[in-house]
Structure formats: structure tokens, C-alpha cells
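Accompanying notes for the structure given below.
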Amino acid sequence: MNMRKDQPNIVFVFCDQLRQSALGCYRQDPVWTPHIDAFAKESLMLTHAVSNQPVCSPYRAMLFSGQYPFSNGVWANCNTSRDHELSDDTQCFSDTLSENGYATGYIGKLHLHKPRPPYEHGEGPRGDGIVWDAYTPPGPSRHGFDFWHSYGCCDEHMQPHYWTTDSPVSEPLDPNEWSVIHETDVATKYIQNLNGTQRDPDKPYFLMVSYNPPHPPLDQVPSHLTEPFVDKSLRELLTRPNIQVEGIEEQARTNAVLYFAAIYGIDQQFARILAAIDESGQSDNTIVIFTSDHGELLHSHGLRQKNYWYDESMLVPFLIRYPGKIQPGEDDLLLGAPDIFPTVAGLVGLSEAIPESVEGQDYSAQLMGTPEGRPDSAYFIWPHWRHHETKPYRACRGVRTHRYTYVLGRCDDGSEEQILHDSQEDPFQMRNVADDNPGTVSDLRGMTNEWIEKTNDPWLDADLTAPPA
Ligand code: CA
């Protein structure tokens with residue numbers, strides 16, 4: 001099928017580990033993101049977009065496939081410790097757009113494939129001998145992307161490397177630059193497409209840009225970006241009442257300075273992508289999305305990183321600009337990662353092309369103002385060990401509604417515990433009120449069971465656990 005050239009372009013920019021509260025437009029953390037905030041005023045800002053399994057590879061596989069983890073097979077991070085990867089046979093977002101007339105480009109971190117030898121051209125084994133970085137060869141593993149400037153998983157933000165469209169595994173590119181700047185250079189060149197050198201100028205394009213920061217290591221960030229934050233106190237930086245930093249106050253303060261510095265830098269680089277779209281004359285005909293794969297706890301609940309049901313981990317920013325089609329404003333749509341593929345396909349008129357395998361829902365009509373057909377919950381999946389307070393859970397499942405976060409934890413002895421947070425009474429999720437609300441708990445457990453059943457989840461009958469991701 002050949003699309004007309006005036007079919008909308010799609011520019012999908014996502015960060016790694018950027019929590020929802022850490023953009024100025026969400027009015028919470030004391031960040032400095034003026035360009036993203038201005039973009040948000042032109043966009044629909046989702047306040048309840050979630051990362052259903054808040055960790056790298058599972059989010060990315062949900063995004064690509066439109067399926068939940070037990071359908072696409074990626075329920076843990078991809079590395080050499082296990083056999084997980086996105087199958088070449090899965091019909092992905094980019095396959096569908098490519099087959100329907102789009103030029104397609106992928107830039108940045110992928111993290112969807114199991115590393116295979118030789119390892120020495122990428123990041124190589126980490127301290128424990130496990131390899132994370134993977135080369136994705138041309139062909140079906142690239143899922144329809146015809147322009148490629150990517151790597152698997154490598155946390156060296158100041159010394160990144162990339163395999164380009166045609167480079168063999170032995171010849172990655174090694175730019176000596178903060179990865180966010182380098183990837184933005186490549187993205188703006190792709191958007192400008194001078195003399196048609198980057199892509200077919202007669203096709204609409206779908207570009208994904210996957211920045212690794214603000215993912216750790218936090219200290220790998222250009223030092224001048226710390227300027228707006230470096231003189232601030234711990235309490236000025238970490239303002240959430242659920243912060244627990246006893247004994248590590250200075251480390252926590254430094255972490256906040258560095259995390260916000262990376263986001264400040266991302267704001268400047270994202271502005272360059274928007275400017276390139278403007279200069280190309282295509283702003284009115286380009287859907288631009290800015291989001292993240294999951295959040296960062298940054299000392300809330302005494303925790304770092306992600307992998308939890310708490311807002312800081314599970315809520316992601318989601319801004320979508322589509323001039324003339326999507327009204328700017330705020331929306332509390334409970335958008336999950338598997339919904340993104342069908343929703344964007346719906347927005348560009350390709351509803352008929354959404355494959356049967358997709359489990360997410362097409363919410364394009366809802367984003368354009370249809371009040372009916374909105375979800376009342378989003379699924380939470382954590383199929384690994386998880387320590388909660390004193391008790392280790394073997395695995396967890398749960399749901400989020402607009403008001404509640406419900407989690408069912410299964411302990412090692414087979415017993416179960418339930419957690420209920422009421423965001424209306426307790427916006428920072430500091431109290432478990434499950435015992436006081438048996439009716440609500442029962443309803444939410446029913447909703448969780450519905451999700452378990454409709455997503456091929458083996459929770460009820462399998463011992464599906466793995467080492468911590
Ligand atoms: Ca991640």
C-alpha cells in the first residue's frame with residue numbers, strides 16, 4: 001500500500017527512566033524544562049500514562065508489539081543471563097508502518113535482543129560477566145526500520161557507540177559526545193533530509209529517538225548542566241513527602257542534581273528536534289510524542305531505580321502534539337504501553353492495518369475527543385522477586401485506576417498480601433489501606449484477575465520467577 005506524501009509523519013521521542021513528575025509541565029519536581037513545557041502547551045498531556053512493567057526491555061517490547069509481556073515473550077530485561085528477546089516474527093509498530101508506505105528510522109538505545117558473540121565490539125561483559133549490549137543485524141530483527149543508528153544496551157553516556165544502517169558488528173561508530181547530543185544531531189539530519197540522503201523524500205516518515213539518559217550512571221552528564229541545581233539544598237530538590245534519605249542525605253542531594261541536570265540537557269536537545277521539524281515546514285503534518293519507558297524513584301519510599309508500582313516508577317510523561325486534530329490540554333486517559341502502537345496507527349488512518357496479535361487498544365478517537373470507550377484500569381506486572389518493607393514477594397500483579405493502586409504480592413511460602421493506596425487521600429502512596437477497604441480490594445482484585453486472563457499471564461498456575469532484573 002502506498003501512502004500519499006501528505007500522510008502525517010510521526011516523531012516518537014522517549015527517554016529512559018524519566019519519571020512523570022520530572023518535567024516542569026507536570027508541576028511537581030523543581031526541574032528546568034522550558035522547551036518541553038512550551039511543547040506541552042501545544043500538546044495533549046496525559047496524566048495517567050503508565051509503564052505496565054516498569055523496566056527497559058518489557059516496556060520496549062510492549063511498545064513495539066502492542067502486546068503484554070507474556071504474549072510477546074519479553075517479561076525480563078534482555079541480556080546473556082536468560083533467553084529473552086523480541087522475536088523476529090512479531091509484527092511490530094514499525095513493521096506495520098513500513099509495510100504501509102512509511103520511511104522508518106530508529107536512533108538510540110534499543111534493548112530488545114539477546115546479546116550474541118562477538119561481544120568485544122560493544123559494551124562487553126559487565127563486572128558479573130553478564131553481557132547486556134547487543135548488535136541487531138539488518139533484516140527481520142530490525143522490524144521494518146530502514147534507517148538505523150542504534151545499539152542494544154550500554155550505559156556509557158559520554159562515550160556511546162552505534163551501529164548504523166550498514167555497519168557490520170565490527171565497525172560501530174564511536175562519537176566522543178554525550179549520547180543525547182549525538183542522537184539529536186542524527187535525528188535532525190534525518191528530519192531535514194537534505195538532498196534525500198537520509199530517507200525516501202516521497203514517503204511520510206516514522207522516526208523513533210530513544211535517549212538513554214536520565215538513566216544511571218547519573219554522573220555521566222555534561223557538568224555545565226548541573227548549574228541550575230548544584231547550589232540547591234536536599235529539601236529544595238527532593239520535595240516529595242515520601243522521601244527517605246536518613247544517613248545518605250548528601251548522596252541523595254547529588255543524585256537529584258545529576259538527574260535533573262540530564263533532564264535539563266534533554267530539554268535543550270528535544271528543542272532542536274522540534275526546530276528541525278519546524279524548519280522542514282512539516283510541523284502541522286507531524287505527530288510528535290514525548291514519553292519515557294518508566295520512571296525513577298529517586299529516594300521516594302527509600303528506593304532507587306524503578307520496578308515498583310509507585311507513581312515515581314510507573315507513571316510516565318506522555319505528551320502528544322497533532323495540530324488541528326488533537327486539542328491541547330490535559331487528559332487522564334489510562335494509556336498503557338501496548339496501547340501506543342494501535343493508537344498511533346489509528347491516528348494516521350491505519351486502523352485496518354493493526355494486526356490481530358495486538359492486545360492494546362486503539363484510543364485515537366479518545367485522544368481526539370470522543371468521551372466514550374475509556375479504560376477504567378491499567379495493568380501492573382512484576383514477575384520477579386520484589387522486596388516490600390520486610391517481606392520478599394515472589395512476584396506481583398495489580399491494577400491502577402484513576403484513584404487507586406492495588407497490588408497483590410505472592411510470598412515465597414505461597415501466601416498472598418494485598419496493598420491498596422488511595423491517591424485521593426494519600427497522593428504520595430504512604431499508607432496501605434487494604435485492610436480498611438475490603439469492598440474496594442475485592443473489586444480491584446477482580447479487575448486484576450480480568451487482566452491476568454486476557455493477557456496470557458501464567459500468574460494463577462505457574463511458578464514464573466527469575467532473578468531480579
Ligand atoms: Ca529503562
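When you go through 194, 173 one by one, which is the residue that is in contact with a His (Cβ under 9 Å, 6 or more places away or on another chain), among the aliphatic types (A, V, I, L, M) and open to solvent by 70 Å² or more (accessible area, probe 1.4 Å)?
Details: 194 fails: in contact with a His (Cβ under 9 Å, 6 or more places away or on another chain).
Testing whether each residue is in contact with a His (Cβ under 9 Å, 6 or more places away or on another chain), among the aliphatic types (A, V, I, L, M) and open to solvent by 70 Å² or more (accessible area, probe 1.4 Å) leaves just 173.
Please state which of the following conditions residue 255 fails to meet, knowing it meets all the rest: (1) within 16 Å of the ligand (Cβ to nearest atom); (2) at pLDDT 95 or above; (3) within 30 Å of residue 393 (Cβ to Cβ).
(1)
What do you reckon, is residue 95 open to solvent by less than 30 Å² (accessible area, probe 1.4 Å) and acidic (Asp, Glu)?
Details: open to solvent by less than 30 Å² (accessible area, probe 1.4 Å): yes; acidic (Asp, Glu): yes.
Yes, satisfied.
If you scan the range 10-66, which residues turn out to be among the aromatic types (Phe, Trp, Tyr) and within 18 Å of residue 428 (Cα to Cα)?
Going residue by residue through the range 10-66, those that are among the aromatic types (Phe, Trp, Tyr) are 12, 14, 26, 32, 39, 59, 64.
26 - this is the single residue of the range 10-66 that is among the aromatic types (Phe, Trp, Tyr) and within 18 Å of residue 428 (Cα to Cα).
What strands (runs of 3 or more DSSP E) lie completely within the range 384-443 and have 2 or more residues being modelled with pLDDT of 95 or more and of a type in the set (Phe, Trp, Tyr)? Spell out how you get there, then give the answer.
Values: elements: 386-388, 391-400, 404-411, 416-422.
Per the criteria, 404-411.
Look through the range 197-220, keep the residues that are open to solvent by 10 Å² or more (accessible area, probe 1.4 Å) and in contact with a Leu (Cβ under 7 Å, 6 or more places away or on another chain), and return whichever of them is farthest from the ligand (Cβ to nearest atom). Break it down stepwise before answering.
Initial filter on the range 197-220 (open to solvent by 10 Å² or more (accessible area, probe 1.4 Å)): 197-203, 215-220.
Next, only the ones that are in contact with a Leu (Cβ under 7 Å, 6 or more places away or on another chain) stay: 218-219.
Numbers: 218: 14, 219: 18 Å.
Among those residues, the one meeting the criterion is 219.
One line per residue, one yes/no per condition, for (1) under 28 Å from residue 270 (Cα atoms); (2) small (Gly, Ala, Ser); (3) assigned by TED's automatic domain parsing to the domain that holds residue 230:
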site	(1), (2), (3)
20	yes, no, yes
47	yes, no, yes
88	no, no, yes
105	yes, yes, yes
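From 358, 407, 344, grab the single residue that is aliphatic (A, V, I, L, M), open to solvent by 10 Å² or more (accessible area, probe 1.4 Å) and within 23 Å of the chain's Cα centre (by Cα).
Working: 407 fails: open to solvent by 10 Å² or more (accessible area, probe 1.4 Å); 344 fails: open to solvent by 10 Å² or more (accessible area, probe 1.4 Å).
Only one candidate passes the filter, namely 358.
Kindly provide the set of residues from the range 49-78 that are within 13 Å of the ligand (Cβ to nearest atom) and in contact with a strand residue (DSSP E or B) (Cβ under 7 Å, 6 or more places away or on another chain), ordered by number.
53
Condition check ((1) over 25 Å from residue 459 (Cα atoms); (2) outside the structural domain of residue 397 (by TED's automatic domain parsing); (3) in contact with a Ser or Thr (Cβ under 8 Å, 6 or more places away or on another chain); (4) open to solvent by less than 10 Å² (accessible area, probe 1.4 Å)) across all residues:
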site: 70; (1), (2), (3), (4): no, yes, yes, no
site: 99; (1), (2), (3), (4): yes, yes, no, no
site: 109; (1), (2), (3), (4): yes, yes, yes, yes
site: 114; (1), (2), (3), (4): no, yes, yes, no
site: 138; (1), (2), (3), (4): yes, yes, yes, no
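With the requirement that a residue be of a type in the set (A, V, I, L, M, F, W, C) and either part of a helix (DSSP H, G or I) or open to solvent by 10 Å² or more (accessible area, probe 1.4 Å) (or both), what does the range 328-341 give you? Break it down into steps so the answer makes sense when it comes.
Just the residues of the range 328-341 that are of a type in the set (A, V, I, L, M, F, W, C), to begin with: 333-335, 337, 340-341.
Within the range 328-341, 337, 340, 341 meet the criteria.
From the list 413, 422, which one is without any contact (Cβ under 8 Å) to a residue 12 or more places away in the chain and not assigned by TED's automatic domain parsing to the domain that holds residue 204?
Details: 422 fails: without any contact (Cβ under 8 Å) to a residue 12 or more places away in the chain.
On inspection, the qualifying residue turns out to be 413.
Within the range 300-327, work out how many residues are touching a helix residue (DSSP H, G or I) at 6+ places or on another chain (Cβ under 6 Å) and either within 16 Å of the ligand (Cβ to nearest atom) or open to solvent by 10 Å² or more (accessible area, probe 1.4 Å) (or both).
Restricting attention to the range 300-327, the residues satisfying the condition of being touching a helix residue (DSSP H, G or I) at 6+ places or on another chain (Cβ under 6 Å) are 300, 306, 315-317, 319, 323, 326.
Filter once more, keeping what is either within 16 Å of the ligand (Cβ to nearest atom) or open to solvent by 10 Å² or more (accessible area, probe 1.4 Å) (or both): 306, 315-317, 323.
Selection size over the range 300-327: 5.
Can you tell me which of 240, 253 is among the charged types (D, E, K, R) and open to solvent by less than 30 Å² (accessible area, probe 1.4 Å)?
On the way: 253 fails: open to solvent by less than 30 Å² (accessible area, probe 1.4 Å).
Residue meeting the stated conditions: 240.
Among what's in the range 287-299 and is outside any loop (DSSP other than H, G, I, E, B) and within 15 Å of the ligand (Cβ to nearest atom), pick the residue that is farthest from the chain's Cα centre (by Cα). Talk me through it step by step, then tell me what you get.
Restricting attention to the range 287-299, the residues satisfying the condition of being outside any loop (DSSP other than H, G, I, E, B) are 287-292.
Checking the rest, the ones that are also within 15 Å of the ligand (Cβ to nearest atom) come to 291-292.
Details: 291: 6, 292: 3 Å.
The extreme case among them is 291.
Quick check, is residue 46 within 16 Å of the ligand (Cβ to nearest atom), farther than 30 Å from residue 253 by Cβ and open to solvent by less than 10 Å² (accessible area, probe 1.4 Å)? Spell out the reasoning first.
Numbers: within 16 Å of the ligand (Cβ to nearest atom): no; farther than 30 Å from residue 253 by Cβ: yes; open to solvent by less than 10 Å² (accessible area, probe 1.4 Å): yes.
Criteria not met by residue 46.
The values are calculated or read from the model by the stated rules, or taken from the named source; none is laboratory data. These numbers were taken from a predicted model, which means no experiment stands behind them. Neighbour counts are summed over all protein chains in view; Cβ atoms, including those assigned to glycine, are modelled from backbone coordinates with ideal geometry. Accessible surface is based on the protein model in full, side chains and every heavy atom, while ligands, DNA and RNA are left aside. Shrake-Rupley method; radii C 1.70, N 1.55, O 1.52, S 1.80 Å.
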